[in-house]
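The values are calculated or read from the model by the stated rules, or taken from the named source; none is laboratory data. Fair warning: this is a prediction, and the values are worked out from it, not measured in the lab. No Cβ is skipped: glycine too gets one built from the backbone with ideal geometry, and neighbour counts run over all protein chains shown. To get the accessible areas, we keep the full protein, side chains included, count just its heavy atoms, and leave off ligands, DNA and RNA. Shrake-Rupley method; radii C 1.70, N 1.55, O 1.52, S 1.80 Å.
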Amino acid sequence: MANLPKIYAPHEIEGKWYKFWQKNGSFHASATSEKPPYAIVIPPPNITGSLHIGHALDNTLQDCLIRWRRMQGYNTLWMPGTDHAGIMTEIIMERNLIDEGTSRTALGREKFVEQMWQWKAETSDYIISQLQQLGCSCDWERERFTYDDGFVTAVNTAFLHLYNQGLIYQDTYMGNWCPHCNTVLSNLEVEPIEINGNFYHIRYPVKDSEIVLEIATTRPETMLGDTAVAVHPDDERYQHLIGKTAILPLCDREIPIIADAYVDTEFGTGALKVTPAHDTNDYEIGSRHNLEQLTIFTQDGYINENAPKKYVGLSRWECRERVVEDLQNLDYLVKIVPHRHAVGHHDRCGTIVEPTISPQWFMNVRPLAQRAIEATQKGDIKFVPERETARFYHWMENIEPWPISRQRWWGHSLPIWYCSECEVITAAMEMPQQCECGATDFHQDEDVLDTWFSSGLWPFATMGWPEETEELKTFYPTSVLVTGWDILFFWVARMIMLGLGCMDEVPFRTVYLHGLVADEMGQKMSKSKGNTIDPLETIDTYGTDAFRFALANASTPHPYVPLLESQIESGRRFANKIWNAARFVLMNLEKYPMPTGADPIDIEQETLEITWIQSRLSDTIKRTTDALENFRFYEAAQTLYAFLWHEFCDWYLEFTKQRIAQGEPAALWIAADTLEQTMRLLHPFMPFLTEEIWQQLPLNRTDNTEEKISVTVAPWPEPKGEDLIAETTMATLMKVIESIRSIRGELNVPIGASVEVHIQAPSSEVRERLETYLGQYLPALTRMTSITIAESLQKPPASAEAVIGDLAIYVPLADVIDLEAEHARLSKRHQQATNDVAAAQKTLDNPNFIQRAPEKVVSQKRALLERLITEQEKLARSLAMLTESRG
């Protein structure tokens, strides 16, 4: 017992066992093996600092799968690594530079990139250490980085492969531009956020007439770049103006009035200002009518020289204020109408994006998207939950060309070279020796690739592609991808398309898309909302295993999965419960050592509780395995919790204590065997606790030396069959015992008092079971003087009653408690509970409270009311029982 301290202190064992696993190579996969392969590639965390709660959930679930499959005998590879994270990492570095009194541009590209590599060196190791603290059993010998030398080769190879197929091309097009980050963005990187704005109604005079067109816009500053006014060709209000000319206010420019079917006659005034250089829809209109594309913004969002001089140099927002002021002063402003609408923001830095025309590199993903759809329809890829399949199809069927170039410095350079003489483009791994024009001087494209392009190669580039490695032969396609549903399009879809494009094979067979961690109100956790849980602080407070178990238990199949601190506290109590159970078993094994041999007991030593616990263990093994097979982590966690806490600890160990007191150790030996198997079942969820206990149990009966080393490589338990008769019998006994204990507890029967028990059991079969076994087990759990079991009997005077189906249980109380005093006590408590329920209900019935109180407060008050009602009902039952017993 000296090896298992009285108090469970997780921090004293976690580091010890992780070092042990690493020293023994427990996590390393073989490139070639006779074992069936099972592979997961980790969604590489960004090198932006600490892991967040989403990482904790994601990696806990992956580790559960890997540890489980490893124990099942698979050759398991969990490929770890980190992502250079492009724009996001640059933003963090730029903030750091500002704090230091300098900037990215002041440093210059070369020195800035050097600083980024220093940042990577500092943060990457820290991130890996956090994953290890979480217990992640990754193959650390194969750790990769999306910008390491091997990845540079893979990225360039993929780019050239797709370029030569005609899927990557250069074009000038309207895209999303971030004025803060000075780069183009894909649609996925733009987050629409509702903001309060206005509709500005502006007069546009028609040339050589008294007619004035009223046009409404939410962005009056962009009128400086208008090159037309559009109306619907069938709109009778404006048909006579089509082909005429309008005068652009503030600019004194003439612009045509054109007809285009895009214009919605029911929206606004039915007349539309057209700014082809600064609106996506206007760009399309402008392309159809060959309108001038007049750019009025600089790349960082200031007014350029194409606008009237008085506005040049103003920011977008300063210009808006000046334009509105001038329109008002010159009587061009009709009215301002408040309007709430969604505006696109860069999902990384939060800046409002600007639709901008610029030359970019694009990838035509439609052919690959079609192949991805077909692969899914054939069953090559399965999405879990199934509802995500329809979402995947919808996106892929409506996919647009992917802008893959970014105007940044930190990232993979495009393998594109320009001749300095003739500007001819050459796509090549290295700088060409000579251009077709004879020149030998080249410069590389200054753009970098979208981070999602390199991370889209993750499943196969991490395994050595473009080389034909043994890892690729063994582990590709990988078995499952585990990630949040929110990056289905950002990352998952692109991995599927790039896998098909480069490997001619899907990258994984199953995609499990889990929910996002939320607070108790169902709101996604985020630092900006201040509602997040810090994984490292939580681990420091509760221990890794408690945290992991709570995460797995919370991972229900919903888009947002609430994680409460009370759930993590529950995980810690569960760990303590197991620890104390293990201490009890080990302490008694010192007195009654386990017998040697394959089986802990002989068949003649088997008692009902032994048959029952072995049957329940077999069912638990089946249900846990099935839950993991179907990615129902919460169900597996709850199954193990129910078995260990309630059936094993609360019942079986209590029976075992009685058997030990009688000098019968067989139940103890089965307790040890059961505990050993449940430690294996629980290991994927709580690896440190289970290893510590498993190592202490004298039950490593496998002949495989490797499997004796650690529970990490011990075989996954196999079910041995259930005994339904034993389970039914024990279920009846447990209900009877629970009813008797409930009567004692609710009616305040003193702990030391013994009671009589009378049971009416009409069924002869049930009577026989009760007569055979109840006398054996009831004394272990409650004090009693006698048990009477009969087919029919009269209710004894002053008795409390419990009914279970056709069973009636009577416990005489006259000589055990003061009936009058207890009735008075319960009456007082019931009245107080009734008052509390009425007060809580009154608060919730108050519409002012519901409307004005924070949602969290209202939710807490509702939960309180539910608890109060439950307590009130319990007291009412006890009071009724006592009233009957008083006669």
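Taking every alpha-carbon pair under 8 Å whose residues sit at least 6 apart, the stretch 296-377 reaches a relative contact order of 13 percent. Annotation: amide H-H contacts under 5 Å for ASN531 (H modelled 1.01 Å from N, sequence separation of 5 or more, or interchain): SER526.
Based on protein heavy atoms only, the chain ends up with 44 Å² per residue of surface accessible to a 1.4 Å probe.
Quote to one decimal, in nm, the extra length available between ILE869 and GLN165 on full extension: 0.36 nm per residue of separation minus the C-alpha distance between them. The partial results should precede the final answer.
Numbers: separation 704, 0.36 × 704 = 253.44 nm, distance 6.89 nm.
Between ILE869 and GLN165, full extension yields 246.6 nm more.
Work out, in µm²/s and without decimals, the Stokes-Einstein translational diffusion coefficient of the chain at 10 °C, 1.306 mPa s, Rh from Kirkwood over C-alpha pairs. Result for D is 48 µm²/s. In degrees between 0 and 90, to the nearest 10, how far off the longest principal axis of the chain does helix 724-746 point, with axes built from Cα atoms? Once rounded, the angle reads 90 degrees. Of all lysines in the structure, the ones whose alpha carbon falls short of 29 Å from that of LYS828, not counting any fewer than 8 places away in one chain, are LYS795, LYS842, LYS861, LYS874.
Note on TRP645 and THR596: with the Förster distance fixed at 30 Å, the Cβ-Cβ geometry gives a FRET efficiency of about 0.45. Placing a pseudo-label 7 Å from each Cα along the Cα-to-Cβ vector at LYS735 and ASP486 gives an inter-label distance of 4.7 nm.
Listed peptides 656-664, 177-185 appear in the order 177-185, 656-664 once ranked by packing, highest mean of other Cβ atoms within 10 Å at the front.
Give me the percent of the accessible area of the stretch 343-422 that comes from carbon and sulfur atoms, probe 1.4 Å, all protein chains in place.
C and S atoms contribute 50 percent here.
Take 413-419, 331-337 and order them by the average number of nearby Cβ atoms within 10 Å per residue, most first; the result is 413-419, 331-337.
For LYS378, a cut-off of 24 angstrom between C-alpha atoms picks up these lysines, skipping any fewer than 8 places away in its own chain: LYS473.
Probe radius 1.4 Å, ligands and nucleic acids ignored: give me the carbon and sulfur share of the accessible area of the stretch 205-315 as a rounded percent. Write out the running numbers ahead of the final one.
Details: 2340 of 5200 Å².
Answer for the stretch 205-315 is 45 percent, counting heavy atoms of protein chains only.
The angle between the Cα long axis of helix 86-99 and the longest principal axis of the Cα atoms of the chain comes to about 80 degrees, rounded to the nearest 10.
In deg cm²/dmol, rounded to 500, what helix-only [θ] at 222 nm does the chain give when every DSSP H run of at least 4 residues adds -39500 (n - 2.57) and the total is split over its residues? Write down the numbers at each step before the final one.
Details: 28 runs with 389 residues, N = 887.
The per-residue figure over the chain is -14000 deg cm²/dmol.
For the stretch 408-567, the orientation-averaged shadow of the C-alpha convex hull comes to 13.8 nm² (one quarter of the hull surface).
Straight-line cross-link partners of LYS622 among the aspartates and glutamates, defined as a Cα under 15 Å from its Cα and at least 8 positions apart when in the same chain: GLU635, GLU718, GLU722, ASP723. Per-residue surface analysis assigns HIS28 an accessible area of about 80 Å², computed on protein heavy atoms at 1.4 Å probe radius.
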